[in-house]
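J.: The structure follows.
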Amino acid sequence: MAQKLSATARRAKAARDLAYAKTDDRRNKKAENQRLRRARIKAGKSVDGLDYDHKTNSWIKIKENRGNRGHGTKTE
């Protein structure tokens, strides 16, 4: 569900989100995830509906990987 933002706020948020996505840290994390996914696919295993969890170093369901497996992210 999209946020209800004015046109000005929507453009400002898009600019902030893009700037964050282009930081060295985010680019390195994205590249690592791509390497892991490609290696898993090359090994003949499915990645459908799975995300790599860096905390447990394992592949888990996308739903479980969001929000710290039901505990939220405020304490992280």
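The values are calculated or read from the model by the stated rules, or taken from the named source; none is laboratory data. Model, not experiment: these values are computed from the prediction. Cβ: placed from backbone, ideal geometry, glycine included. Neighbour counts: every protein chain shown.
J.: So for the range 69-76 (the condition being surrounded by 10 or more Cβ atoms within 10 Å (Cβ to Cβ) and free of Cβ contacts under 8 Å to residues at least 12 places away in the same chain), does at least one residue qualify?
T.: If we filter the range 69-76 for residues that are surrounded by 10 or more Cβ atoms within 10 Å (Cβ to Cβ), which is where we start, we get 69.
So of that shortlist, the ones also free of Cβ contacts under 8 Å to residues at least 12 places away in the same chain come out as 69.
Yes, because at least one residue in the range 69-76 is surrounded by 10 or more Cβ atoms within 10 Å (Cβ to Cβ) and free of Cβ contacts under 8 Å to residues at least 12 places away in the same chain.
J.: Another one. Scan the range 42-57 for residues that are exposed (fewer than 10 other Cβ atoms within 10 Å of the Cβ) and of a type in the set (S, T, Y) and report the count.
T.: 1
J.: Which one of A7, A14, A39 is exposed (fewer than 10 other Cβ atoms within 10 Å of the Cβ), of a type outside the set (K, R) and out of contact with any helix residue (DSSP H, G or I) (no Cβ under 9 Å at 6 or more places or on another chain)?
T.: On the way: A14 fails: exposed (fewer than 10 other Cβ atoms within 10 Å of the Cβ); A39 fails: exposed (fewer than 10 other Cβ atoms within 10 Å of the Cβ).
That would be A7, the only listed residue that is exposed (fewer than 10 other Cβ atoms within 10 Å of the Cβ), of a type outside the set (K, R) and out of contact with any helix residue (DSSP H, G or I) (no Cβ under 9 Å at 6 or more places or on another chain).
J.: Right, here's the next one. Pairs needed: first member in the range 28-53, more than 20 Å from R69 (Cβ to Cβ) and modelled with pLDDT under 95; second member anywhere, loosely packed, with under 10 Cβ neighbours inside 10 Å and among the charged types (D, E, K, R); C-beta distance under 9 Å; at least 6 residues apart or different chains.
T.: Within 9 Å, no pair qualifies.
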